[in-house]
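The values are calculated or read from the model by the stated rules, or taken from the named source; none is laboratory data. As the structure is a computational prediction, the values presented were derived from the model and not from experiment. Cβ: placed from backbone, ideal geometry, glycine included. Neighbour counts: every protein chain shown.
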Amino acid sequence: MRTRSSASKADEIHFITGGGGYPGFCLGKNLIEEGHKVKLFDIQEPVWDLLPGMEFIKGDIRDAAAVHAAVEGANVVYHMASYGMSGREQLNRKLIQEVNIGGTENVVKACRDCNVTRLVYTSTYNVVFGGQEIRDGDESLPYLTEDKFTEYYSLTKMHSEKKVLGANGSQTADGSVLHTCALRLAGVYGPGEQRHIPRIVSYLEQGLVAVTYGAKDSLVDFLHVDNLVQAHTLAGRGLSRDRGHIAAGQAYFICDDKPINNFEFFRPLIEGLGYRYPTVNLPLLPVFYFAFITEIVHSVIGRIYNFQPLLTRTEVYKTGVTHTFSISKAHSQLGYSPTLQNDLTGVVRHYQKMGRVYHKPRTSGLRYSIENIFIGLLIACLIMSFLPIVFS
């Protein structure tokens, strides 16, 4: 009788929480192409057509019974579901706690109860980054202390990562061993991404991308979805007996391995959709306090009018403060090697095909510069007017 660890590729069932989202569905497609069966679990159905061998199960990660039923029969679990990564979602602490902490507990328990032997957790850079400058960081960096987090999402991701890695080596119901690892991802992009880039395009269309901020030589990492898929696939293999469980108990930083200034990264998108790249650059600190004020305002009126904050504090330092990480560990242990680096070509084409291109006559360069300066000064004055209140 074959055990799950000795099942053939065609027999293996790969289970993905958050499988209705863009990264999860892309991972599912790749696993299908490799010959596996795939189960996607999410509260929202994917907008893309399912492939043969792919099953979608609608369910809430907060529902332990639903998670258990869905995980049953799986060989490998990729826990990608989360809530509160950006925008106004970052301010809903209750739902963030329930999904990120409670949902992860449900997944770990289901893996043990259903005799799953491989669990890959999708984590984030922000378990170690809280606004401090980091250059070429590695996995030896300690977790942030709780007082260093400016938003609840990253704090819960840290606790969830600890829970998953802490479960490594534990026994399942039939006496097998659960092997776990965590992938700490940079900001994800790709054609069809539904969370970050649509928001940026919307801001472009509203004329809200009028300035940049932070040091012009600040650098950050990004992660193309194809590289994300490669990393998760390799991590799943790295937890197998065939690979000597090399990834068991390990965390890995995953990115395109080509640090770039955040705003320069988006230049091809801005200009590719017919907009002018901003010429005014603001200092980071006033923008940070502007975001802080926005969060305070949201906390007061959010229940009445749940508006989308232009920026949150975490988004400011994630985009304006240098923090880059090495993929050496992932390369040496998993064989991870990015195939695309800072490549927005597919993203630009995607939005061009959608007709999201600016067609109105542009203002002259001089007028555009004057408008940018005016907007920048207006924002700066607004922020500075609040500073005495903030520091009092």
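Is region 133-143 home to any residue that is of a type in the set (Val, Ile, Thr) and either touching a Gly at 6+ places or on another chain (Cβ under 7 Å) or at pLDDT below 95 (or both)?
Scanning region 133-143 turns up no residue that is of a type in the set (Val, Ile, Thr) and either touching a Gly at 6+ places or on another chain (Cβ under 7 Å) or at pLDDT below 95 (or both).
What number of residues within region 20-44 satisfy the criterion of being part of a loop (DSSP other than H, G, I, E, B) and farther than 21 Å from residue 197 by Cβ?
4
Going by the conditions given, is residue 167 hydrophobic (A, V, I, L, M, F, W, C) and crowded, with 16+ Cβ neighbours inside 10 Å?
yes
For region 281-321, what are the residues that are among the β-branched types (Val, Ile, Thr), assigned to a loop (DSSP other than H, G, I, E, B) and in contact with an Asp or Glu (Cβ under 7 Å, 6 or more places away or on another chain)?
Listed by number, the residues that qualify are 312, 321.
Looking at 71, 77, 67 in this structure, which one is of a type in the set (A, V, I, L, M, F, W, C), more than 30 Å from residue 312 (Cα to Cα) and under 21 Å from the mean Cα position of the chain (by Cα)?
77
Answer yes if at least one residue in region 140-149 is touching a residue at least 40 places away in the same chain (Cβ under 8 Å) and either among the basic types (Lys, Arg) or outside the structural domain of residue 103 (by TED's automatic domain parsing) (or both), and no otherwise.
Checked region 140-149: no residue is touching a residue at least 40 places away in the same chain (Cβ under 8 Å) and either among the basic types (Lys, Arg) or outside the structural domain of residue 103 (by TED's automatic domain parsing) (or both).
Against the definition (of a type in the set (Phe, Trp, Tyr), surrounded by fewer than 18 Cβ atoms within 10 Å (Cβ to Cβ) and not in a loop (DSSP other than H, G, I, E, B)), how does residue 143 come out, yes or no?
So residue 143 fails the test.
Quick one: which of 187, 131 is under 30 Å from residue 292 (Cα atoms), of a type in the set (Gly, Ala, Ser), touching a residue at least 24 places away in the same chain (Cβ under 8 Å) and touching a strand residue (DSSP E or B) at 6+ places or on another chain (Cβ under 7 Å)?
187
Before we move on, is residue 56 in contact with a strand residue (DSSP E or B) (Cβ under 7 Å, 6 or more places away or on another chain), surrounded by 15 or more Cβ atoms within 10 Å (Cβ to Cβ) and either of a type in the set (S, T, N, Q) or farther than 22 Å from residue 109 by Cβ (or both)?
yes
For region 39-52, what are the residues that are out of contact with any Phe, Trp or Tyr (no Cβ under 8 Å at 6 or more places or on another chain), more than 10 Å from residue 29 (Cβ to Cβ) and surrounded by fewer than 16 Cβ atoms within 10 Å (Cβ to Cβ)?
Answer for region 39-52, where residues must be out of contact with any Phe, Trp or Tyr (no Cβ under 8 Å at 6 or more places or on another chain), more than 10 Å from residue 29 (Cβ to Cβ) and surrounded by fewer than 16 Cβ atoms within 10 Å (Cβ to Cβ): 44, 47, 49, 52.
Consider region 276-303. How many of its residues are among the aromatic types (Phe, Trp, Tyr) and under 16 Å from residue 208 (Cβ atoms)?
2
Among the residues of region 174-196, which ones are part of a loop (DSSP other than H, G, I, E, B) and either at pLDDT 95 or above or in contact with a Gly (Cβ under 9 Å, 6 or more places away or on another chain) (or both)?
Answer for region 174-196, where residues must be part of a loop (DSSP other than H, G, I, E, B) and either at pLDDT 95 or above or in contact with a Gly (Cβ under 9 Å, 6 or more places away or on another chain) (or both): 174, 175, 176, 178, 186, 190, 191, 192, 194, 195, 196.
Any residue at all in region 86-98 that is of a type in the set (A, V, I, L, M) and under 27 Å from residue 323 (Cα atoms)?
yes
State all residues of region 339-374 that are of a type in the set (Val, Ile, Thr) and modelled with pLDDT of 50 or more; if no residue qualifies, say none.
Correct list: 339, 345, 347, 348, 357.
Hey, among the residues in region 233-280 that are part of a loop (DSSP other than H, G, I, E, B) and among the small types (Gly, Ala, Ser), which one's surrounded by the fewest Cβ atoms within 10 Å (Cβ to Cβ)?
Filtering first and then ranking leaves 244.
Out of 236, 190, I need the residue that is within 22 Å of the chain's Cα centre (by Cα) and under 21 Å from residue 331 (Cα atoms). Which one?
236
Would you point out which residue out of 103, 28 is free of Cβ contacts under 8 Å to residues at least 40 places away in the same chain and farther than 28 Å from residue 297 by Cα?
28
State which residue pairs qualify: first residue without any contact (Cβ under 8 Å) to a residue 60 or more places away in the chain and assigned by TED's automatic domain parsing to the domain that holds residue 94 and inside region 47-68, second residue of a type in the set (A, V, I, L, M, F, W, C) and part of a loop (DSSP other than H, G, I, E, B) in any location, beta carbons under 8 Å apart, and separation of 6 or more residues or different chains.
56/50; 58/43; 59/43; 60/43; 61/43; 61/81; 67/61; 68/114
Within region 96-105, is there a residue that is outside any helix (DSSP H, G or I) and either at pLDDT below 95 or within 30 Å of residue 319 (Cα to Cα) (or both)?
There is no residue in region 96-105 that is outside any helix (DSSP H, G or I) and either at pLDDT below 95 or within 30 Å of residue 319 (Cα to Cα) (or both).
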